[in-house]
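Bear in mind that the values in this text are calculations on the coordinates, not laboratory data. Quick caveat: nothing in here was measured; it's all calculated off a predicted structure. No Cβ is skipped: glycine too gets one built from the backbone with ideal geometry, and neighbour counts run over all protein chains shown.
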Amino acid sequence: MLACDYLVCTQASFPFCSLFVIHKYDTTNLTPGIIYNIWDTSLLKKMEISVAEAEKRTGKNAVNMQETYTVYLIETRPVDAASEGTNPALDSLWRRYSEFELLRNYLLVTYPFAVVPPLPEKRAEFVWHKLSADNMDPDFVERRRVGLENFLLRVASHPVLSSDKIFYLFLTEENGWKETVFETGFQAKADSRLKALNATFRVKNPDKRFAEMKHYGDELQSVISQLLRVRARAADRLYGVYKVHGNYGRVFSEWSAIEKEMGDGLQSAGHHMDAYAASVDDILEEEEHYADQLKEYLFYADALRYMCRKHELTQYELEMAVQDLTSKKQQQEELATGTIRTFSLKGMTSKLFGQETPEQREAKLKMLETQIEEGEEQVKERNAECDEFVKSAWVDIERFKEQKDHDLRESLISYAIMQISMCKKGIQVWNNAKECFNKM
Amino acid sequence: MSAGTPRALASSGQKPIQDIRHPLSAEESALSRSPDVLHPGGAGERDLILPNGTPVDTSSPTSSSSLLNRLQLDDDLDGETRDLFVTVEDPKKHVSTMETYITYRVCTKTTRTEFDLPEYSLRRRYQDFDWLRNKLEESQPTHLIPPLPEKFVMKGVVDRFSEEFVETRRKALDKFLKRVADHPVLSFNEHFNAFLSAKDLNKRQGLALLTKMGESVKYVTGGYKVRARPVEFAAMGDYLDLFTQKLGTIDRIAQRIIKEQSEFLMELREYGPVYSSWSSFEEDLHDPLEGVSGCVSNCSSALEELTEDMSEDFLPVLREYVLYIESMKNVLKKRDQVQAEYETKLEAVVFREDKKTSVPADVEKCQDRVECFNADLKADWDRWENNKRQDFRQLLTGMSDKNIQYYEKCLAAWESLIPLLQDKQEAKGETN
């Protein structure tokens, strides 16, 4: 499941890689119609990546207690050598889920304008009764392995994220990687949740498109959650329907024992009923893949909302800077002209204690001037930041939209194909059974 | 005719006798087939054609096709010309001041001289069928009398006047009459004759009747203990016991499947619409998601049909056989009684053998009875086994057919969705 096949080269606003999707909503100065192949600079052009295996390990954790955890084998191989016919050795290293989480958090903080691909779920949710909710369960581990591989492939094919050094080291340097990540100091750049929440409530003029996108993210999350929940319940029921048919197998067998001519037909029909009952396991396992594909987009919705909050934060900070500057300018004016337009503590104290000396006033004016200069700088910076963020975020959002539409469409197609296969199997089994019944 | 029930019964009115087509009539009529005789569901792919050219629905075990099957497959009837045809059709509700009840039209066509007319059509209610069966049991105690559908239904639980209940009952009554009509002895029973031809049954109930078998025999219930059931009859008894068990198990399994399917259906009915609500805030994905929603909805309808069919056609036939077996066990017991009576009387005579009296007439009569009973029962048993084989073959192939149809409907729905899902991509491909 790789991202879009066709991308367009655009302005060099990014030092790393400049490939973006052309989209009808794109308002930047792109030249529509020029299409280049994506793989020019994406990491996937240079190396094959896979998460090949999973293993259980036991060790001491941070509080010196024994714990069992799973590690995943990441294998990489340079592409060029492979295409020449030689089979170079695979590079491989082991990583655990928490390291994937660390990588993702780093990417989130470092590239706030990117829709960062999600990780597979931490705990099994939306399970139906036969599915285990246990993280150690081999089926869960297997599905997680697939999800982690998908995550790496998504990052490696992202126009911006794939060039990241830390990501590259994640794939290639087993030891010391964690320290390297922490050394980037990304954690300090992370916005506190309180700060973000505050911004969400107080921002006055967020870009409308982001607000719409946030709304879309909410709706998407809600609808996919509901879909997954109902599907799990339906899977449970379907399991029951198929399995009870297995009881026919047993009773037909017993019945055939007391019949003469009817016996053979009944007995063989019974076998087909058993086969029918057994077929549901494969059917539902395939459906789990479909559920996993939906889950990825459920978590993507989260990434969209995260990006939206980041926008609100930058916008808010801009607004704060502007507000600050305005108030400082106002103070300057008041001080210069001696008029007190607004109620202020200064005004009160001067009324109570008398005006300040001309020297004091001069000092204050000078200070305000510097502050205003700084303030104007800051507004300029924040304005640029905001603009930059909006532009690049929106480009990635367009890329994401195309990817989403393509992927979900593919998912629906494969779901339909699954259902078709299930129907065909059903027809075959019942036809077989019917043949046996006809021989009764 | 009454109105008021949400699904009112068809009131097609009684057809004049001339309009009722004889199943074996030579006329090639391209007229629309009689809706009463055939299953309202319409003909399936595997149409059987009756000799007069009308296609037949093979889904109901009591339909004309079952009759045809017997003609084609039943060895007993090879060479035998059918001269008696009966059908039960056209249920109608009657409301009077005292009660409300259903009547069914019983149509007969025959060339038998025992009947005054070649065709009859009159209305009977369940009570009348019950009367007939009791009379048959009384007058032909050595024979296996086919069962009737359950007499009593819990008024609160089942709607006695719903279309489904009435149709299920009609099929069972039709089957009952056909089985009697097929029987070489029972079909000549005068009570049966009366049932088919007499305008008013009550008049004939009290009269002493001479049966074809001879005088009606009274059997002593209890009092005699049979020494041992002959092997063949013991085998029958054992078989019936085991068979009842198996039928009970199959009934439970079928019920459970219906229940699980109904619960699955409930989830599907919630599942489909979620795709619809998703499509409402998507652009590109709007049509594909709507398509999936529609597809799931089609599958839901197909599943609903399947569970309804199983409830209406499969379960009643199973239950009917359980009743059949019950009555057969009773006949076996009666046979035991007759044998016991004979054995007891014989023993009493043997005791006095030294007196060199000849075997008294009544003991001889007992012996005759035993032998007749055994012969009748054996013949009936063979016939029953044959019919059972066909009935179950039909029942189970019918069940398979219903499931196949369900999957075929779903398959068609999903297959038609694929091009819709792929549609945009091809368009994109072109512009690229």
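Placing pseudo-labels 7 Å out from each Cα toward the beta carbon at A:Glu173 and A:Ala190 gives an inter-label distance of 2.1 nm.
Take the Cβ-Cβ distance between A:Glu373 and A:Asn198 as r, set R0 to 30 Å, and report the resulting FRET efficiency rounded to the nearest 0.05.
Numbers: r = 27 Å, r/R0 = 0.91.
FRET efficiency, A:Glu373 to A:Asn198: 0.65.
Would the stretch A:214-332 count as rounded, prolate or oblate if I go by the C-alpha gyration tensor, calling it rounded below 1.5 in a/c and otherwise prolate when a/b exceeds b/c, oblate otherwise?
Details: a/c = 11.17, a/b = 7.12, b/c = 1.57.
Because a/c hits 1.5 or more and a/b exceeds b/c, the stretch A:214-332 counts as prolate.
Taking R0 as 56 Å, what's the FRET efficiency between B:Asp130 and A:Ile417 from their Cβ-Cβ distance, rounded to 0.05? Kindly include the intermediate steps, with their values, before the conclusion.
Values: r = 56 Å, r/R0 = 1.00.
Working from the Cβ atoms, E equals 0.50.
Mind checking the stretch A:123-203 for trypsin sites (Lys or Arg not before Pro) that DSSP puts in a loop (not H, G, I, E or B) and that have at most 16 other Cβ atoms within 10 Å? Kindly include the intermediate steps, with their values, before the conclusion.
Working: sites: A:Arg123, A:Lys130, A:Arg143, A:Arg144, A:Arg145, A:Arg154, A:Lys165, A:Lys178, A:Lys189, A:Arg193, A:Lys195, A:Arg202; in loops: A:Arg123, A:Lys130.
Taking the stretch A:123-203 and a limit of 16 other Cβ atoms within 10 Å, the loop trypsin sites (Lys or Arg not before Pro) found are A:Arg123, A:Lys130.
With 30 Å as the limit on Cα-Cα distance, the pairs of B:Lys93/B:Lys388; A:Lys46/A:Lys178; A:Lys366/A:Lys391; A:Lys178/A:Lys391; B:Lys259/B:Lys388; A:Lys60/A:Lys122 that go past it are B:Lys93/B:Lys388; A:Lys366/A:Lys391; A:Lys178/A:Lys391. Could you list, in their original order, any pairs among A:Lys260/B:Lys345; A:Lys401/A:Lys425; A:Lys45/A:Lys404; A:Lys295/B:Lys409 whose Cα atoms are separated by more than 32 Å? From the list (A:Lys260/B:Lys345; A:Lys401/A:Lys425; A:Lys45/A:Lys404; A:Lys295/B:Lys409), the Cα-Cα distance tops 32 Å for A:Lys260/B:Lys345; A:Lys401/A:Lys425.
Among rounded, prolate and oblate, which fits the stretch A:207-267 when a ≥ b ≥ c are the square roots of the eigenvalues of its C-alpha gyration tensor, a/c under 1.5 means rounded, and a/b larger than b/c means prolate? Before the final figure, lay out the partial values.
Values: a/c = 14.15, a/b = 6.89, b/c = 2.05.
Prolate is the answer for the stretch A:207-267, as a/c is 1.5 or above and a/b outweighs b/c.
Distance between the modelled labels on A:Asp282 and B:Thr81, one decimal in nanometres: 5.7 nm (7 Å Cα→Cβ projection). Here the spin labels are modelled as points 7 Å beyond Cα on the Cα-Cβ line, and at B:Ala348 and A:Glu333 they lie 13.4 nm apart. Net length available on complete extension from B:Asp200 to B:Ser280 is 22.1 nm, with 0.36 nm assigned per residue and the Cα-Cα distance removed. Using the Cβ-Cβ distance between A:Glu261 and A:Thr58 with R0 = 60 Å, the FRET efficiency computed as 1/(1 + (r/R0)^6) comes to roughly 0.45. Summing charges over all other residues whose Cβ lies under 12 Å from the Cβ of B:Leu303, with Lys and Arg as +1 and Asp and Glu as -1, gives -3.
Give me A:Thr200, A:Thr326 ranked fewest to most by other Cβ atoms within 10 Å of their Cβ, as a rough exposure proxy.
Numbers: A:Thr200 15, A:Thr326 12.
In increasing order of surrounding Cβ atoms, one gets A:Thr326, A:Thr200.
Can you give the extra length, in nm with one decimal, that the chain gains between B:Phe152 and B:Lys388 once fully stretched, where that is 0.36 nm per residue apart less the Cα-Cα distance? Write down the numbers at each step before the final one.
Numbers: separation 236, 0.36 × 236 = 84.96 nm, distance 2.50 nm.
Roughly 82.5 nm would be gained on extension.
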